[in-house]
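The values are calculated or read from the model by the stated rules, or taken from the named source; none is laboratory data. Here the structure is a predicted model, which is why all the values come from computation and not from measurement. In this analysis, Cβ positions are derived from the backbone assuming ideal geometry, glycine residues included, and neighbour counts consider all displayed protein chains.
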Amino acid sequence: MSGHLGGLGIFVLVVALLGVAGVTWGIVALVRRQQYIGSLRDRGWTFVNSPTFDAVARLGNPPFGIGFHRQPDDQITGLTSLGRPFQVIEYKSEHWSGWVGMVSLSRRLPELWITGGETQPRYGVQATGVPSPAQLGPGWQIGALDSSFAAAVVSPQLCERLNALAAGQPGVNLSIDADQLVMLDPPRKEVELLGPWLEQLGSIAAVIDAAPLDQWIQPEQPRRLTFYHHPEWYWIGVDDSLLQFTPVSRLGHDHRTSDVVRGRDGDGPSFVAFTHHWKTTRTETYTDSEGRSQTRTVVESHSEPILGFQLPIRMPPLQVARRGFGRGISFESQAFNDQFAVHAQDTKYAYDVIHPRQMEYLMANPPASFALTDDWAWFSPGVHSQPAIAHNSLFLRGFLARVPRFVWRNLGLPDSPYPPPA
C-alpha cells in the first residue's frame, strides 16, 4: 500500500512539474511575442492580431483566390523608407498555409509569376511558361497569360534586382497580383531581416512601376473576396434565405447554409452554390449492461451540396441524369441511351432540346445530373467545390447555346440568349 502511495505521489509531482513547466513556457512565449510586437511598433509599423478579410480582399491569385476556407491571421503593415505601402500577413486555406509579404504597385496589372532556385510554382496557378531572359541565368521560371506583357516586365533592370534577391535566400516565389507585388516566405521572425527584405522587394516594385506598362492596366474591381480566374464570382458565406426557394432536403431541423458563393462566368447564367446542413433526431432502443431495454435520443448531422443556375426564362421540366436513374426517353442514338436517362413531361420538347449535336456534346462532356425547373437549372454536383462550380458552369453555357433558336422563340424570347458555338 505504501509503495502504491509513493508511486502515486511521484506521479502527482511529475504532473505538477509538467504543469508548472507548461505555464512557464507559455509565459515565455507570451513575453517573446510582446517583445516582437514592440520591435515592430518601434519601426513605426502596425501589428494586427486578427485582421478582417479586407486585408486580402483585393488579392485574387494563388495562394489567394482558391478554396472556401480562407483565414488571414497576424498582419504587419507599414511603409518602406521610400513611402511604399507594404503588408506581411499569415494566411491559411485548404491548399496552402504560410506567410506572405507584399508591396504596392502604382497600377493594376495582369498576373505574372516568377520563381527561382528550388521553389516550385504555387498550387492552382494557370499560366503559360514563357522563355526566361538569359540575364536571369539557369533555374528561373516565368509564367504569364500574355507573353508580351511578361517580356515588357522582365527587363534587364528587373533581372538584376531578381538575381540580387535570390543571392540572399534559397528560393524566390514572386508574383504580380493586381496592384500588389507578392512574395512568399518573408523573414518575418527576424525584424532586423524583414526591413531590408521589404526594401529589396520595394526596389523591384519600383523597376516595374518605371516600365512602360500602361497598355496592360486592369480595371478596378469591387473589394470583395473573389476567385482565381473567375472575377465575377464572389464569396457571401451564409445566406439562410436561400433555403426558402432552393431544392434542399426538407427533412429534420436546424437547417442552415455555409460557404455560399454567387457569380457567373462571362455571358453564362448566374449561379448560386452552397452547402446545406441540417440535423435529424430519432429515438432508438438498446440493451444496457444489465440486460434491460433502454431508449436514447440520437441526433445526426447531414449536409448536401446545392448548385443552381438562373435561366433567362421559365423552361418546361427536363431532367438529364446518368443511366442509373431509369431508362427515360429513348433517343435515336443507342450510345446516348446507354449513357444517359432523360425525363420530361413533353417528349417532343425533349427531342427538340436533346437533338443529335446536343447528344454529341453531352457524351463528350458528361455533366453531373441536372434538372431544368422553371427558371433554374439545378445540378447534383456531388461536392461543393470551386472546380465543380466551374465545370458545370462551363458545361451549362455550352448546353444552352445548343438549344435551337426556335425553342427559345417558342418559350417567348426573340432569339437565343447565348450565341451558338461556331
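Here is how the numbers come out for the structure above:
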| item | result |
| --- | --- |
| Pairs with Cβ under 6 Å, 6+ apart, first in the range 403-419 and under 21 Å from residue 265 (Cα atoms), second assigned to a helix (DSSP H, G or I) and of a type outside the set (D, E, K, R) | 403/353; 416/408; 418/400; 418/401 |
| Residue list for the range 180-200, filter: surrounded by fewer than 18 Cβ atoms within 10 Å (Cβ to Cβ) and not in a helix (DSSP H, G or I) | 185, 189, 190 |
| Total residues in the range 392-422, condition part of a helix (DSSP H, G or I) and either over 16 Å from residue 320 (Cα atoms) or of a type in the set (A, V, I, L, M) (or both) | 11 |
| Listing of strands (runs of 3 or more DSSP E) fully contained in the range 44-112 that carry 1 or more residues being closer than 23 Å to residue 388 by Cβ and of a type in the set (D, E, K, R) | 85-92 |
| Residues located in the range 190-205, provided they are touching a residue at least 12 places away in the same chain (Cβ under 8 Å) and of a type in the set (D, E, K, R) | 199 |
| Odd one out for residue 56, checked against (1) among the β-branched types (Val, Ile, Thr); (2) in contact with a Ser or Thr (Cβ under 9 Å, 6 or more places away or on another chain); (3) surrounded by 15 or more Cβ atoms within 10 Å (Cβ to Cβ) | (2) |
| Test result for residue 164, touching a helix residue (DSSP H, G or I) at 6+ places or on another chain (Cβ under 8 Å), part of a helix (DSSP H, G or I) and either under 20 Å from residue 93 (Cβ atoms) or at pLDDT below 95 (or both) | yes |
| Residue list for the range 379-389, restricted to those being out of contact with any helix residue (DSSP H, G or I) (no Cβ under 6 Å at 6 or more places or on another chain) and either crowded, with 17+ Cβ neighbours inside 10 Å or small (Gly, Ala, Ser) (or both) | 380, 382, 384, 385, 386, 388, 389 |
| Matching residues in the range 133-158 - criterion: being without any contact (Cβ under 8 Å) to a residue 40 or more places away in the chain, surrounded by fewer than 19 Cβ atoms within 10 Å (Cβ to Cβ) and on the phi < 0 side of the Ramachandran plot | 133, 134, 135, 138, 141, 145, 147, 148, 151, 156 |
| Hits in the range 168-185 - residues which are free of Cβ contacts under 8 Å to residues at least 60 places away in the same chain and under 17 Å from residue 132 (Cβ atoms) | 171, 172, 173 |
| Selection within the range 349-379 - under 15 Å from residue 305 (Cβ atoms) and either free of Cβ contacts under 8 Å to residues at least 24 places away in the same chain or part of a loop (DSSP other than H, G, I, E, B) (or both) | 367, 368, 369 |
